[in-house]
1. Read through the list (1) farther than 19 Å from Gly126 by Cα; (2) surrounded by fewer than 21 Cβ atoms within 10 Å (Cβ to Cβ); (3) modelled with pLDDT of 95 or more, then give the number of the only condition that Val112 fails.
2. Could you look through the range 108-138, keep only residues that are in contact with a strand residue (DSSP E or B) (Cβ under 9 Å, 6 or more places away or on another chain) and aliphatic (A, V, I, L, M), and pick out the one that is nearest to Trp31 (Cα to Cα)?
3. For His128, indicate whether it is surrounded by 16 or more Cβ atoms within 10 Å (Cβ to Cβ), of a type outside the set (Gly, Ala, Ser) and part of a loop (DSSP other than H, G, I, E, B).
4. Between a first residue in the range 139-157 that is under 10 Å from Gln25 (Cβ atoms) and a second residue that is surrounded by 15 or more Cβ atoms within 10 Å (Cβ to Cβ) and polar (S, T, N, Q), which pairs have beta carbons less than 6 Å apart while being 6 or more apart in sequence or on different chains?
5. Anything in the range 141-164 that is surrounded by fewer than 16 Cβ atoms within 10 Å (Cβ to Cβ), of a type in the set (A, V, I, L, M, F, W, C) and more than 19 Å from Arg62 (Cα to Cα)? List them, or say none.
6. List every residue pair whose Cβ atoms lie under 7 Å apart, where the two residues are 6 or more positions apart in sequence or sit on different chains, the first residue falls within the range 55-82 and is under 24 Å from Asp123 (Cα atoms) and of a type in the set (Phe, Trp, Tyr), and the second residue, located anywhere, is at pLDDT below 95 and not in a loop (DSSP other than H, G, I, E, B).
7. What helices (runs of 4 or more DSSP H), lying completely within the range 1-100, carry at least 1 residues that are more than 16 Å from Arg160 (Cα to Cα)?
Amino acid sequence: MTPPRNRPAYGADERTQLIGWLDMQRAVIQWKCEGLSDADAHRSLLPTSPHMTMAGLVSHMRWVEHLWFEVVLLGRPAEGPQFEEGPEDADMRVEGVPLAQLLEEYDRQCAVSTEIITAGSLDDVGKHPDFPAAAATLRWILFHMIEETARHAGHMDAIREHLDGAKGYY
């Protein structure tokens, strides 16, 4: 079941607004995949970006959540397809992986990220010594993740419309 797509209250405090906007965009990612077959989820529509499929974008978002909250912010080891020796866009190369599995992995990663966000101060600074972006605060990372998630939700909106005509923002 897709999480609700609710905007935060107009007068909510900063943390509630940041988490609320991020959660809404995460829910849009899930919503854009509702009812898609695995074949459509893996269908490439962009000749110059063949891995930018619905399934590829869900996987990418899962790994972006991991990178920013676990690796950059907390300083955990840099693990995942984007750090392995391999092809460009490795985190989007998910041929044969069912969409349901990718969505479940994304949902689990978002839950881990939310735990990290909830436990931290917005002024906390990243800890990973190998990433210059570790100079960012949790606040900056949240703004970036809202932007990143919303941008890819927009890509998914356009891809979905081309796949089967389904459209809608929120």
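The values are calculated or read from the model by the stated rules, or taken from the named source; none is laboratory data. Quick caveat, the model's predicted, so the values are computed rather than measured. Counting neighbours? That spans all protein chains shown, and the Cβs are built from the backbone with ideal geometry, glycine included.
1. (1)
2. Once the filter is applied, the top-ranked residue is Leu138.
3. The answer is yes for His128.
4. Correct list of pairs: Thr149/Gln25; Ala150/Gln25; Ala153/Gln25.
5. Of everything in the range 141-164, just one residue is surrounded by fewer than 16 Cβ atoms within 10 Å (Cβ to Cβ), of a type in the set (A, V, I, L, M, F, W, C) and more than 19 Å from Arg62 (Cα to Cα), namely Ala158.
6. Filtered contacts from the range 55-82: Trp63/Asp91.
7. Where helices (runs of 4 or more DSSP H) fall fully within the range 1-100 and carry at least 1 residues being more than 16 Å from Arg160 (Cα to Cα), they are 14-32, 54-65.
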